[in-house]
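Below: one structure, written as structure tokens.
The values are calculated or read from the model by the stated rules, or taken from the named source; none is laboratory data. From a predicted model like this one, the values you see are computed outputs, not experimental measurements. Cβ coordinates were reconstructed from backbone atoms using ideal geometry, including for glycine residues, and neighbour counts include every protein chain displayed.
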There are 2 protein chains.
Amino acid sequence: MSRTAPRGPYKPGRIRQKSEQRILSAATAAFAQHGFTGASMQSIADAASVPKANVHYYFKNKLGVYTAVLENILGLWDTVLNDLTINDDPAIALCRYIDAKIDFSRTHPEESRVFAKEMLSGAPHLQEFLEADYGQWLDARLTIFRAWIDAGKMDAIDPAHLLFMIWGSTQHYADFAPQVKQSLHAEILQQAHFDAAAKTVKQVILKGCGLAIASP
Amino acid sequence: MSRTAPRGPYKPGRIRQKSEQRILSAATAAFAQHGFTGASMQSIADAASVPKANVHYYFKNKLGVYTAVLENILGLWDTVLNDLTINDDPAIALCRYIDAKIDFSRTHPEESRVFAKEMLSGAPHLQEFLEADYGQWLDARLTIFRAWIDAGKMDAIDPAHLLFMIWGSTQHYADFAPQVKQSLHAEILQQAHFDAAAKTVKQVILKGCGLAIASP
DNA sequence: ACAAATCTTGTCTATTTGGTCAAGTTTTTA
DNA sequence: TAAAAACTTGACCAAATAGACAAGATTTGT
């Protein structure tokens with residue numbers, strides 16, 4: 001019982017996991033701010049406090065780092081609307097989704113920015129994802145929305161465009177942060193700002209869809 | 001009357017104006033796709049069909065090109081809401097604004113992307129604009145919105161967040177084009193897609209604000 | 001027509017950057 | 001504890017790139 005350091009048992013890959021995490025975190029910030037070409041391996045290494053050669057030990061090359069960052073982001077893809085059924089209340093579902101999206105902009109702004117920059121560049125590294133996972137996910141959600149409309153549970157609103165509205169409105173708070181800060185006269189965006197944002201988006205979207213505000 | 005070429009009289013700067021325009025246009029596309037660092041002077045020159053040294057003849061350096069691109073974009077800033085007064089009908093004003101914004105995404109997607117990337121990078125070259133022109137423009141608009149609300153012309157909705165919703169929703173069609181294309185199963189976005197987008201956004205925003213759809 | 005201004009372009013250079021490598025150090029396993 | 005595996009690191013290199021520059025060509029004003 002002489003060990004005081006509260007670390008788990010040594011295993012191959014334990015150091016790897018931690019180092020990769022550090023590098024990935026630094027890379028996410030770098031890519032978010034400077035883009036793929038603008039973020040240098042040296043700057044990523046410095047931000048992660050490791051020698052540059054170390055980055056190349058854990059990742060094949062710069063594209064490897066970038067791909068890992070992107071995959072990590074896709075892993076954060078929200079699951080709020082995943083188990084949606086026709087029997088769900090659209091008001092509650094939309095509220096939950098908007099809250100989750102706003103919360104993502106607050107807690108993962110840099111991931112949101114990397115994703116946005118990739119989109120702006122034409123999403124060359126997301127084609128596979130868009131055509132496979134995302135395409136399926138979306139089509140299933142659209143089906144539910146249409147069923148809600150057919151059942152008279154909400155106004156007849158094009159579901160795809162409605163989702164774009166929610167995405168655009170919520171991602172705005174991460175992606176256009178400088179503009180938002182200036183508009184709200186805030187040095188940094190506080191929880192209260194995000195709460196107000198979520199409230200407004202829910203208010204407009206729900207009423208705009210012919211739904212009453214849901215409590216939970 | 002022997003001149004057949006329909007060109008105006010020669011003046012110093014006539015060539016300059018044309019060349020700068022070509023370069024600026026090529027640079028906009030390059031910056032939109034590859035970002036500031038990723039777009040090389042050589043690629044810009046090639047796209048503009050001029051030798052690279054020629055780009056340096058017309059612009060001081062790369063930052064000079066980029067600044068010119070940004071200023072050109074700010075010059076396209078919409079004027080739809082400029083002459084807004086308390087006596088205007090909010091429904092008509094919002095409709096016009098949404099239409100104009102969607103139309104901008106359709107006709108100037110690359111300019112929208114350059115602007116978005118600059119925002120994502122923290123807007124280092126837009127601070128001045130945000131604090132001066134934009135700040136004033138916005139505050140004046142917000143005042144009108146609040147007056148409308150106080151007059152009972154529309155629901156009590158935070159005007160700043162409402163504008164964010166409109167911006168986010170409309171810019172989405174230029175900035176997240178790959179995702180939109182995939183969602184709509186469209187190779188390229190047609191006029192009809194933008195019409196549907198505008199219709200949905202107007203439908204949701206107006207009703208969400210407690211306004212009836214306006215005809216003009 | 002002629003001089004001055006404007007414009008064009010090939011070439012050269014200093015710097016940055018992604019990536020390699022081999023020699024060392026630490027951690028794990030047996 | 002000793003060999004093996006995993007990890008660290010400084011030094012080095014080839015390629016790409018922003019920018020400078022000078023000489024030449026074209027256009028403009030007189």
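Which condition breaks for residue B:210 when tested against (1) facing chain A (nearest Cβ under 10 Å); (2) outside any loop (DSSP other than H, G, I, E, B)?
Among (1) facing chain A (nearest Cβ under 10 Å); (2) outside any loop (DSSP other than H, G, I, E, B), the lone unmet condition for residue B:210 is (2).
What pairs can you find where one residue is in the stretch A:47-75 and aliphatic (A, V, I, L, M), the other is within 9 Å of DNA strand C (Cβ to nearest atom) and outside any helix (DSSP H, G or I), and their Cβ atoms are less than 7 Å apart, with a gap of 6+ or different chains?
A:65/A:59; A:68/A:59
I need the full set of residues from the stretch B:105-120 which are surrounded by fewer than 21 Cβ atoms within 10 Å (Cβ to Cβ) and free of Cβ contacts under 8 Å to residues at least 24 places away in the same chain, in order please.
B:107, the sole residue that qualifies.
Could you tell me which residue of the stretch A:177-197 is nearest to the other protein chains (Cβ to nearest Cβ), considering only residues that are in contact with a Leu (Cβ under 8 Å, 6 or more places away or on another chain) and not polar (S, T, N, Q)?
Filtering first and then ranking leaves A:178.
With respect to residue B:102, determine if the residue is in contact (Cβ under 8 Å) with a residue 24 or more places away in the chain and either surrounded by fewer than 17 Cβ atoms within 10 Å (Cβ to Cβ) or under 23 Å from residue A:116 (Cα atoms) (or both).
yes
Answer yes or no: is there a residue in the stretch B:167-177 that is part of a helix (DSSP H, G or I), free of Cβ contacts under 8 Å to residues at least 40 places away in the same chain and in contact with a Pro (Cβ under 7 Å, 6 or more places away or on another chain).
No, the stretch B:167-177 contains no residue that is part of a helix (DSSP H, G or I), free of Cβ contacts under 8 Å to residues at least 40 places away in the same chain and in contact with a Pro (Cβ under 7 Å, 6 or more places away or on another chain).
Which of the residues that make up the stretch B:30-40 are near DNA strand D (Cβ under 7 Å from one of its atoms) and buried (at least 18 other Cβ atoms within 10 Å of the Cβ)?
B:39, the sole residue that qualifies.
Among the residues of the stretch A:136-193, how many are more than 18 Å from residue B:118 (Cα to Cα), out of contact with any Gly (no Cβ under 7 Å at 6 or more places or on another chain) and acidic (Asp, Glu)?
Residues that pass the stated criteria total 4.
Quick one: which of B:36, B:115, B:59 is among the aromatic types (Phe, Trp, Tyr) and closer than 17 Å to residue B:170 by Cβ?
B:115
Only helices (runs of 4 or more DSSP H) wholly contained in the stretch A:5-124 count here; list those with 2 or more residues that are within 13 Å of chain B (Cβ to nearest Cβ) and away from DNA strand C (no atom under 16 Å from the Cβ).
By residue number, A:90-107, A:109-120.
Taking the conditions exactly as written (within 23 Å of the chain's Cα centre (by Cα) and of a type in the set (Gly, Ala, Ser)), does residue A:30 satisfy them or not?
It is true that residue A:30 is within 23 Å of the chain's Cα centre (by Cα) and of a type in the set (Gly, Ala, Ser).
Which numbered condition trips up residue A:155, out of (1) touching a residue at least 40 places away in the same chain (Cβ under 8 Å); (2) more than 9 Å from chain B (Cβ to nearest Cβ)?
Among (1) touching a residue at least 40 places away in the same chain (Cβ under 8 Å); (2) more than 9 Å from chain B (Cβ to nearest Cβ), residue A:155 violates only (2).
Which residue out of A:139, A:155, A:175 is surrounded by fewer than 22 Cβ atoms within 10 Å (Cβ to Cβ), farther than 19 Å from residue B:186 by Cβ and at pLDDT 95 or above?
Going through A:139, A:155, A:175 in turn, the sole match is A:155.
Report yes if residue A:32 is of a type in the set (A, V, I, L, M, F, W, C) and more than 25 Å from residue A:131 (Cα to Cα), otherwise no.
no
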